[in-house]
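Asks: Here it is, the structure, as structure tokens.
The values are calculated or read from the model by the stated rules, or taken from the named source; none is laboratory data. The shown structure was predicted, so the numbers you read here are calculated from the model rather than taken from an experiment. Heads up, the Cβs are rebuilt from the backbone with ideal geometry, glycines too, and the neighbour counts pull from every protein chain shown. All accessible areas refer to the heavy atoms of the entire protein, side chains included, with ligands and DNA or RNA removed. Shrake-Rupley method; radii C 1.70, N 1.55, O 1.52, S 1.80 Å.
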Amino acid sequence: MTANQNTTDSTGPATKEYVHEHAPRLAWAKHAPEVYKAMIRLDAAARKGVDPVTLELVKIRASQLNHCAFCLDMHSKDALAAGESVERIIQLGAWEESQHFYTPREIAAIELTEAITVLTDGFVPDETYEKAAKLYDEKELTQLIAAITVINAWNRFGVSTRMVPGHYTAGDFK
């Protein structure tokens, strides 16, 4: 069943009717293939050396903050397929109150993700950076910052072109 189908049972009428799926604004990867290919290469370079579990948590959290439904769909499915728990994915939206679900390194990465993603004050706070710098060596921290930056770029493509969530299968873009 797809997200926009009605469900019925033998006892009565449809039990749910979903809103019709929106269409994407444009197929940006088709119209800018060199940019898309460059993003794929940048993504591959940025993920090197970043723990795969932490990477998916970072991608999910940035996508939540940026309201990128397509990337939320993709990275939640990839995380689940890689063995991540539903509970930890759900709790990301309230990670500050549920830190006991995460390791200190994951918390530092999530906090850094929020600071880089939401630049309302125009900078990443020293306290946030220093917390991450204590738990990651310089190479790891550089790669983590790169991975956070790249997911934010992907999110901007996703939300500006209204990429449609719900059709991704885990591992499609690995």
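Asks: Take the solvent-accessible surface of the protein heavy atoms, probe 1.4 Å, and return the percent of it on region 15-66 that carbon and sulfur atoms account for.
Replies: Values: 2040 of 3300 Å².
Ligands and nucleic acids excluded, carbon and sulfur reach 62 percent.
Asks: Another question, then. Express the Stokes-Einstein translational diffusion coefficient of region 109-153 in µm² s⁻¹, to the nearest whole number, given a Kirkwood radius over alpha-carbon pairs, 37 °C and a viscosity of 0.692 mPa s.
Replies: 312 µm²/s
Asks: Can I ask one more? Tabulate in residue order the Karplus-calculated ³J(HN,Hα) for region 118-128, using 6.51 cos²θ - 1.76 cosθ + 1.60 with θ = phi - 60°, rounded to whole Hz; enter x for Gly and Pro.
Replies: 10, 8, 4, 8, x, 7, 8, x, 4, 4, 5
Asks: Quick one: putting +1 on the C-beta of Lys and Arg, -1 on the C-beta of Asp and Glu, what dipole do you get for the chain around its Cα centre, in Debye to the nearest 20?
Replies: Around 740 debye, computed over the chain.
Asks: A further question on this structure: Where the centre of each part is set by its Cα atoms, how far does region 97-161 sit from region 39-58, in angstrom?
Replies: 12 Å
Asks: Kindly state, to the nearest 0.05, the FRET efficiency for Tyr36 paired with Lys139, given R0 = 35 Å and r defined as their beta-carbon distance. Let's see the in-between values first.
Replies: Numbers: r = 28 Å, r/R0 = 0.79.
Approximately 0.80, to the nearest 0.05.
Asks: So what is the accessible area of region 65-174 per residue, in Å², with the probe set to 1.4 Å?
Replies: About 55 Å² of surface per residue is accessible.
Asks: Also: Take the Cα pairs of the chain, get the Kirkwood Rh, then feed it into Stokes-Einstein at 37 °C and 0.692 mPa s and tell me D in µm²/s.
Replies: The Stokes-Einstein estimate is 187 µm²/s.
Asks: Sticking with this one: From the phi angles alone, apply the Karplus equation (6.51, -1.76, 1.60; θ = phi - 60°) to region 66-81 and give each ³J(HN,Hα) in whole Hz, x where the residue is Gly or Pro.
Replies: Coupling constants for region 66-81: 8, 6, 8, 5, 4, 5, 4, 4, 4, 6, 5, 5, 4, 5, 4, 5 Hz.
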